[in-house]
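The values are calculated or read from the model by the stated rules, or taken from the named source; none is laboratory data. Computed from a predicted model, the values in this text were never measured in an experiment. Cβ sites come from the backbone with ideal geometry, for glycine too, and all protein chains shown count toward neighbours. These area figures cover heavy atoms from the full protein model, side chains too; ligands, DNA and RNA do not enter into them. Shrake-Rupley method; radii C 1.70, N 1.55, O 1.52, S 1.80 Å.
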Amino acid sequence: MQKQLIIGDAMQELAATRRILECLPEEHMTWKPHVKSMTLGGLATHLINLLNWQMAILQYPVLDLSAVPSRREALTCREDVLKEFDVNFVKMEQLLADCDEKTLGEEWTLRNGDHIILRQPRAMALRTFGLSHMIHHRAQLGVYLRLLDVPVPGMYGLSADELNH
């Protein structure tokens with residue numbers, strides 16, 4: 001039962017993330033709304049990284065952030081973003097299909113060197129660190145698109161842009 005809920009949740013959220021990534025305006029990939037904000041391309045790239053981390057939750061018992069490059073170059077082309085997202089989506093779908101209830105219940109740890117950030121069952125880590133984290137940054141991307149006057153797709157029904165068409 002847990003596996004069905006996780007798969008359904010993940011597939012729905014990943015599909016919604018794909019829809020918003022399709023809207024990336026290439027001419028604004030280096031734009032950011034504030035000096036402390038990520039660029040549009042950086043935010044899109046972070047969403048891909050979050051999908052990589054979701055896969056890591058299912059593949060490994062520990063993710064040590066000190067062993068992961070701290071900053072990845074931001075992608076600057078919508079096609080590159082979608083291509084990498086789609087490849088990873090297929091991998092994630094397979095990982096979810098291959099996992100079992102026992103695996104989802106096993107402890108997973110997020111650490112930065114000796115500092116433990118999170119330790120919880122894989123299913124919970126996937127929901128919180130993986131999917132909820134992705135939803136948070138996807139919402140930021142929606143704000144970026146709104147500020148750039150790019151129509152925003154609906155995530156859980158029609159958006160204001162879709163209602164006005």
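Using a cut-off of 12 Å between beta-carbons, work out the net charge of the residues near G142 (Lys and Arg +1, Asp and Glu -1, G142 not included).
Neighbour charge sum, excluding G142 itself: +2.
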Once all protein chains are kept in place, M124 shows an accessible area at probe 1.4 Å, nearest 10 Å², of 100 Å²
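Ordering F89, F129 from largest to smallest accessible area (1.4 angstrom probe), what's the sequence? Please list the in-between numbers first.
Details: F89 50, F129 30 Å².
Largest accessible area first, the residues go F89, F129.
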Over all viewing directions the Cα convex hull of region 125-165 casts an average projected area in nm² of 3.0 nm²
The Cα extents of region 8-95 along the principal axes, largest first and rounded to whole Å, are 37, 30, 19
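Just to make sure I understand: if all protein chains stay in place, what is the order of S70, S37 by accessible area at 1.4 Å, largest first? Please list the in-between numbers first.
Details: S70 115, S37 35 Å².
Sorted descending by solvent-accessible area, the residues read S70, S37.
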In deg cm²/dmol, rounded to the nearest 500, the helical mean residue ellipticity at 222 nm of the chain, built from -39500 (n - 2.57) for every DSSP H run of length 4 or more, is -17000 deg cm²/dmol
From most to least accessible, 1.4 Å probe, no ligand or DNA/RNA atoms counted, W53, W31 line up as W31, W53
For D9 the rounded accessible area (nearest 10 Å², probe 1.4 Å, non-protein molecules ignored) is 40 Å²
